Every structure is written in structure tokens, then in C-alpha cells.
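Since the structure comes first, as C-alpha cells, the remarks are kept for the end.
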Amino acid sequence: MYCLYDREEISYTQEDWLKHFEDNDDNRLQPDFSNEPDLSEAQALMLFPTIQAFQMGERSDGVHLMKEVRKYANRTGDETYVECMKWFIREENWHSVYLKQYLDCYQVPDMEVSVLDQCFRELRRFGRLKGEVLVLATAEIVALSYYRALAACVESPALKQICRQMLLDELPHIIFQGQTLGRLGFGRCEELIAVGLMESVIAATWIPLRKVLLAGGYNLTSYAKECLGYLKQMMAIAQAKS
Ligand SMILES: [Fe+2]
Ligand SMILES: [Fe+2]
């Protein structure tokens, strides 16, 4: 698990975040698919369903999220956050593009329906901006372990490049969401909800992700420990801002 407190983004202002997302957009990854190995049937069965599900999750248009962001900005006058969130959604959509390129390389089609993705989308609608950001961050924390495992699963140069980029982007996202939760108010009640949600999501994602996670060196205990460890760090960031 990486330490979030040591990262420079921990002291970012909204203006710094805006620059961070704009700079990232100037330097998007161009994965190199020229040395991809043939995959065995077992590897394909392990990899593709989860990559399809994450590719779907990362391609959200963020319409409902941006409605809540707009309401928050109208209340607080924080227009920079609106701009940050537009760039943030764009960055997430790039993650979807990388995964789509990987799937295309093996002629694997997009997934039309993902039960897991549908659950996350429904959950996010419950609790205005704070609920949206909390569920989003929970999914991003799961993604950190998943992409780390995925990179270690197969000897694929492109997948390793993509997963490394995901980690580079997602670690700051957790700090960004933590700071937002802090501004929205993050107390003991929110902490209990966040831990309960994380534990439920760990349990619900273990079955569909377990083959990749096990191949990547995790077991249920280490997966849960890492997710809860990132959550604890994010909650400390939120509480420092509250
Ligand atoms: Fe992402
Ligand atoms: Fe993210």
C-alpha cells in the first residue's frame, strides 16, 4: 500500500488540482501494443470479464455527479471545483479508453451490462454530492488493488503500462476526494458509513475479482486490509479538512 500523506498533492489547493488535471491531459499515455503475448484460454477467461467491467465503470459520463457539483458550486461559489471535476471525469474516461484499446487488441467487445457497475451507479445516487464522492472514492480504492494485481497477472507490456498509469492517476484521486469530503463535512457518522460501505464493497467485489486478485498476489485478507488502509488514509485527509 502506498502512503498518501507523503505525496505532494496532499497540500494542493483547488487551483493546484486544476493545473494537475490540465497538465495530465497534456501528457496522456500512448500504450504500446506491439509486443502483446498470446493469451491462454484460462488467462483470457480470468482477465477479460473484469477488464470489461472496469472499462465500463471508467466510461461514466458523470451527468448525475456534475448536477450535484453544480448545486454545490451554486451554494459555495467554488467554481474551480466544477472545472476540476470536468477534468477529473475526462481523466476517468481516458482510463476507459486505455482499457478499450487493450480489449480491442484482442478483439474483445465492450460489456453492455455490468451488475457491479450498475450497483455503484445506483449507490451514488443516494446521497447528494457527499454520497457520490464517497461511493466514487470507494470504487477508486478497490481499483487501486485491482490494477496493481492486474499488472502482475500476465506478462503484458501494454497492460503493465496501463496499470502503472492508473495508479499514477488514481492515488491523487483518493487525496482529491478526501479533501472534498472534508470540505463537505466528514465526522464520526460519515466515518461509520464509509467503513460499512467499504466492507460491503470488499465482500461484493471479491467473488468477481478474486481470480485476478489471487493471481496478482492478494488473498481476501490482504485485499481487505489494503482497501481499508487506503480508506483510513482518505478519512484522515477528510477529517484534517473538516
Ligand atoms: Fe479511473
Ligand atoms: Fe479515479
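The values are calculated or read from the model by the stated rules, or taken from the named source; none is laboratory data. Bear in mind that the values here come from a model prediction, so they are computed numbers and not experimental data. Cβ atoms come from the backbone with ideal geometry, glycine included; neighbour counts cover every protein chain shown.
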Note to self: Which count do you get for residues in the stretch 167-189 that are out of contact with any Ser or Thr (no Cβ under 9 Å at 6 or more places or on another chain) and not hydrophobic (A, V, I, L, M, F, W, C)?
What the structure shows: 9
Notebook entry, point to check: Is the stretch 171-183 home to any residue that is within 17 Å of Tyr5 (Cα to Cα), surrounded by fewer than 21 Cβ atoms within 10 Å (Cβ to Cβ), within 16 Å of ligand 1 (Cβ to nearest atom) and among the aliphatic types (A, V, I, L, M)?
Noted result: yes
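So which helices (runs of 4 or more DSSP H) are wholly in the stretch 130-242 and hold at least 1 residues that are of a type in the set (Ser, Thr, Tyr) and within 13 Å of the chain's Cα centre (by Cα)? Spell out the reasoning first.
Numbers: elements: 157-184, 188-215, 220-241.
Filter on the stretch 130-242 gives 220-241.
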Margin query: Looking at Met56 and the list (1) among the hydrophobic types (A, V, I, L, M, F, W, C); (2) surrounded by 18 or more Cβ atoms within 10 Å (Cβ to Cβ); (3) at pLDDT 90 or above, which single condition is not satisfied?
Written below: (3)
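Quick one: in the stretch 84-121, which of the residues that are aromatic (Phe, Trp, Tyr) and touching a helix residue (DSSP H, G or I) at 6+ places or on another chain (Cβ under 7 Å) is modelled with the lowest pLDDT?
Residues of the stretch 84-121 aromatic (Phe, Trp, Tyr): 87-88, 94, 98, 102, 106, 120.
Then drop every residue that is not touching a helix residue (DSSP H, G or I) at 6+ places or on another chain (Cβ under 7 Å), which leaves 87-88, 98, 102, 120.
Numbers: Trp87: 96, Phe88: 96, Tyr98: 96, Tyr102: 95, Phe120: 69.
Among those that are aromatic (Phe, Trp, Tyr) and touching a helix residue (DSSP H, G or I) at 6+ places or on another chain (Cβ under 7 Å), it is Phe120.
Please count how many residues of the stretch 156-182 are in contact with a Pro (Cβ under 6 Å, 6 or more places away or on another chain) and not hydrophobic (A, V, I, L, M, F, W, C).
Let us first name the residues in the stretch 156-182 that are in contact with a Pro (Cβ under 6 Å, 6 or more places away or on another chain), namely 158, 161-162.
Those left that are additionally not hydrophobic (A, V, I, L, M, F, W, C): 161.
Counting residues in the stretch 156-182 that are in contact with a Pro (Cβ under 6 Å, 6 or more places away or on another chain) and not hydrophobic (A, V, I, L, M, F, W, C) gives 1.
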Notebook entry, point to check: So Leu168 clears everything in (1) touching a residue at least 60 places away in the same chain (Cβ under 8 Å); (2) within 16 Å of ligand 2 (Cβ to nearest atom); (3) of a type in the set (A, V, I, L, M) except one condition, right? Which one?
Noted result: (1)
Notebook entry, point to check: Could you say which residue among Glu140, Glu132 is buried (at least 19 other Cβ atoms within 10 Å of the Cβ) and without any contact (Cβ under 8 Å) to a residue 40 or more places away in the chain?
Noted result: Glu140
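Does Lys211 count as touching a residue at least 12 places away in the same chain (Cβ under 8 Å) and of a type in the set (Lys, Arg)?
Details: touching a residue at least 12 places away in the same chain (Cβ under 8 Å): yes; of a type in the set (Lys, Arg): yes.
Taking the combined requirement at face value, the residue satisfies it.
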